[in-house]
Amino acid sequence: MENLKKGKVKNYIWILPLISGICWGGAGIFVRTLTAEGLDNLTIIFFRMLFASTILVVVILRKDPLLLKIRVQDMGLFAVNALFGLTLMNALYNVAISEGSLALAAVLLALSPVFVLLSAALVLHEKPTARKIGCVVLALAGCVLVSGILEGGGAVSSVKGIVCGLLSAVSYACYGIVSKRIAVKQYHFLTVTLYTSLFSALSMLPFAKFGSAVKIMADGSSSALIVLILHALLTSVIPYAMYSLSMEYLEAGKVAILVSTEPASAMVIGIFFYRETPTVLSVLGLCCNIIAIVLLNLPERRKPDESFTLT
């Protein structure tokens, strides 16, 4: 009976990283709003992680204060995940955007599933099946089509921009691999999300411009504070918590492919919030992402006598 319940949980757990991708796709709404208020990218990222940590502490204290405990020997793992998986990824991604087009930066970041599958095969010994490889190719094709780069939407980037874009994808892949390592250690997904966000906030502390934030608050712009909190909740707390929880049940490569729906999510949000008219290729790209998700989650063939286990 217990295995049956776990089996039902795993049948639907793929929805979590899908929601994570949708949430991350909506980050542009908050970034554009906060930039208009006068905050720079690094300061926005810092407050995003700071408020996310604060929200998670409150949630954990109400749920179970024991979830705040982590083993000393594992602090390095959390720090590495935060520094190389969150902070570095965001910093490199910002450079890629400043050196080239947003479309090209998004396409380069979308290459993370490729690095995840390669790393998962080498580090976690996850078998890169033909279906996974095919879904990666289809999902990446969808990301390219959605970005608009094939329609002249992406200008030629500098070598620095391209390198930083590729490294941001590697950094994002690192987050998936290290998160899988942490999940094996049986930490609660709220604990993982809290300390990853906290260490990321601490690493961004030297680069945050508090003067800009204080000025905005002093001017009586309460809406900026609300947007900062919602930014942390909807693009950090919820999606990273779901991402970490999905790592307890799914392979790192599969999770990475599922969250690659972020560009498609950004396109849909752009239609409703900014009246951005989608092109035929962008709609085709969205369809490619949906097909990749469906194919990825078709039941794997198992031997009749093979018992169902969670890995």
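The values are calculated or read from the model by the stated rules, or taken from the named source; none is laboratory data. Computed from a prediction, not measured in an experiment: that's the story for all the values here. Every residue, glycine as well, gets a Cβ built from its backbone with ideal geometry; the counts of neighbours run over all protein chains shown. For accessibility, only protein heavy atoms count, side chains too; no ligands or nucleic acids. Shrake-Rupley method; radii C 1.70, N 1.55, O 1.52, S 1.80 Å.
Could you check, for the stretch 258-265, whether at least one of its residues is among the acidic types (Asp, Glu) and over 16 Å from the mean Cα position of the chain (by Cα)?
no
Among the residues of the stretch 180-199, which ones are open to solvent by 60 Å² or more (accessible area, probe 1.4 Å), assigned to a helix (DSSP H, G or I) and touching a residue at least 12 places away in the same chain (Cβ under 8 Å)?
Arg181, Leu198
Identify all residues within the stretch 108-118 that are open to solvent by less than 40 Å² (accessible area, probe 1.4 Å) and part of a helix (DSSP H, G or I); write none if there are none.
The answer is Leu108, Leu109, Ser112, Pro113, Val116, Leu117.
So Ala110 clears everything in (1) modelled with pLDDT under 75; (2) more than 15 Å from the chain's Cα centre (by Cα) except one condition, right? Which one?
Checking Ala110 against (1) modelled with pLDDT under 75; (2) more than 15 Å from the chain's Cα centre (by Cα), the one that fails is (2).
Being under 22 Å from Leu92 (Cβ atoms) and either without any contact (Cβ under 8 Å) to a residue 12 or more places away in the chain or surrounded by 20 or more Cβ atoms within 10 Å (Cβ to Cβ) (or both): is that true of Lys209 here?
No; evaluated as a whole, the condition is false for this residue.
Could you identify the single residue in Leu202, Leu258, Leu234 that is open to solvent by 60 Å² or more (accessible area, probe 1.4 Å), within 30 Å of Gly285 (Cα to Cα) and part of a helix (DSSP H, G or I)?
Answer to the selection: Leu234.
Hey, among the residues in the stretch 154-179 that are of a type outside the set (A, V, I, L, M, F, W, C) and within 14 Å of the chain's Cα centre (by Cα), which one's surrounded by the most Cβ atoms within 10 Å (Cβ to Cβ)?
Ranking the candidates gives Gly176 first.
Any residue at all in the stretch 210-219 that's part of a loop (DSSP other than H, G, I, E, B) and out of contact with any strand residue (DSSP E or B) (no Cβ under 8 Å at 6 or more places or on another chain)?
Looking through the stretch 210-219, at least one residue is part of a loop (DSSP other than H, G, I, E, B) and out of contact with any strand residue (DSSP E or B) (no Cβ under 8 Å at 6 or more places or on another chain).
Sort out which residues of the stretch 271-280 are touching a residue at least 60 places away in the same chain (Cβ under 8 Å) and part of a helix (DSSP H, G or I), and write them in order of number.
Phe273
Is it the case that Ser246 is in contact with a Pro (Cβ under 6 Å, 6 or more places away or on another chain) and modelled with pLDDT of 85 or more?
For Ser246, the condition - in contact with a Pro (Cβ under 6 Å, 6 or more places away or on another chain) and modelled with pLDDT of 85 or more - is met.
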